[in-house]
Amino acid sequence: MIDSDGPLTWNIGSVRVTRVEESVVPVPWSGLVPGGADRVDACRPWIDPHVDEDGGHLLLSIHSFVVETPQNCIVVDTCIGRDDLAFAGDAAFGERLTAALPAGVEGVDVVVCTHLHFDHIGWNTVEVGGVLLPRFPNARYLVSRDELAADRDAEDTRAFVRSVEPLRAAGCLEPVAGDQVIDPWVALEPTPGHTPGHVSVRIVDGEATAVITGDLAHSPLQLAYPDTASVSDHDRRQATATRARLVGELAGSDTLVLGTHFPPPTGGRLVPRGDLIAFESGHDQFPSG
């Protein structure tokens, strides 16, 4: 599913965020968030854009965020890219991503990898004359030190060889702290559990704030029920604690939550509704201006 009306955009003060979609695929709850199947109905109607018609599948979006601050152009996660992994990439995504960049690939200053699972790093590199090179030739690629040191399964190791090791060879891979400050508006935030060195991205401009989640949640249902773990969480207890902490901090606030795997409308607020925290989304709440 590609948004025929063009990419979604949001303004957080002077910072502009654009969602660039690679794909949206229906995934059985049992295959990714097993506990979600029993909790879908309690989350209606706000969960409806994030599930298929009968609620038996969550809709998993694969997309990048382009974050434009007064100082930097930042790409957060670069999707799948390859067609021989668990989910196939989309060869046309590179063109869509380039079109969303104000100065093309050469104008990207920073690439943030929230973690190193295959569906977040696939477009980090490009093959030129049989050699894998950084796709964004002038960018620093930021990965938390803990994430670089973590173990990987066979699939993510294959992706690492193609999408991370060439960055090290080119000298643009930058191991950083989990709370690395990128510029006055954007910083990383440690959100471990899904992977040991997983980070989210915090955007602040005065009173305007936003959080790009990364994979601390694959569905907004997990923000209503933080104990609903993903099968791909490295440490489910820690991932649950991380979600609970974030929900406790953001519930009832005006912070825009941008889900790295949430399909359109993708962004919303965490709003207390009775005993639950609802993810109230709607692009009209956070217009691009």
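Where a number appears in this text, it was derived from the coordinates with a stated rule and is not lab data. Values in this document were obtained by computation on a predicted structure and should not be read as measured data. Glycine gets a Cβ as well: all are built from the backbone with ideal geometry, and neighbour counts include every protein chain shown.
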Legend entry - Stretch gain in nm, segment ARG236-ALA91, where the contour uses 0.36 nm per residue and the Cα spacing is subtracted: 48.9 nm
Inset, instruction - Lys and Arg at +1, Asp and Glu at -1: add these up for the other residues within a Cβ distance under 13 Å of PRO166 and post the number. - result: +1
Inset, instruction - Jot down the per residue volume, in cubic angstrom and as a whole number, of the convex hull over the alpha-carbon atoms of the chain. - result: 121 Å³
Inset, instruction - Run the dipole for the chain about the Cα centre, Lys and Arg Cβ at +1, Asp and Glu Cβ at -1, nothing else charged, and hand back the magnitude in debye, nearest 20. - result: 460 debye
Legend entry - For region 9-285: relative contact order, % (alpha-carbon pairs under 8 angstrom, 6 or more apart): 18 percent
Inset, instruction - Return the percentage of antiparallel bridges among DSSP beta bridges fully within the chain, rounded to the nearest 5 %. - result: 80 percent
Inset, instruction - Could you give the C-alpha radius of gyration of region 216-260 expressed as a fraction of 2.2 N^0.38 Å, taking N as the number of residues it contains? - result: 1.09
Legend entry - Tilt relative to the chain, helix 154-163 - C-alpha long axis, 0 to 90 degrees, to 10: 50 degrees
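For LEU276, LEU256, what ranking results if the residue with the fewest other Cβ atoms within 10 Å of its Cβ goes first? Could the numbers behind the result be given before it?
Numbers: LEU276 17, LEU256 23.
In order of increasing Cβ crowding within 10 Å: LEU276, LEU256.
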Inset, instruction - Using only Cα atoms, locate the centre of region 218-248 and the centre of region 161-178, then give the distance between them in Å, rounded to an integer. - result: 28 Å
Inset, instruction - Quick one: check the C-alpha center-to-center distance for region 19-97 versus region 181-215, whole angstrom. - result: 18 Å
Legend entry - DSSP bridge orientation in region 101-216 - percent antiparallel, rounded to nearest 5: 70 percent
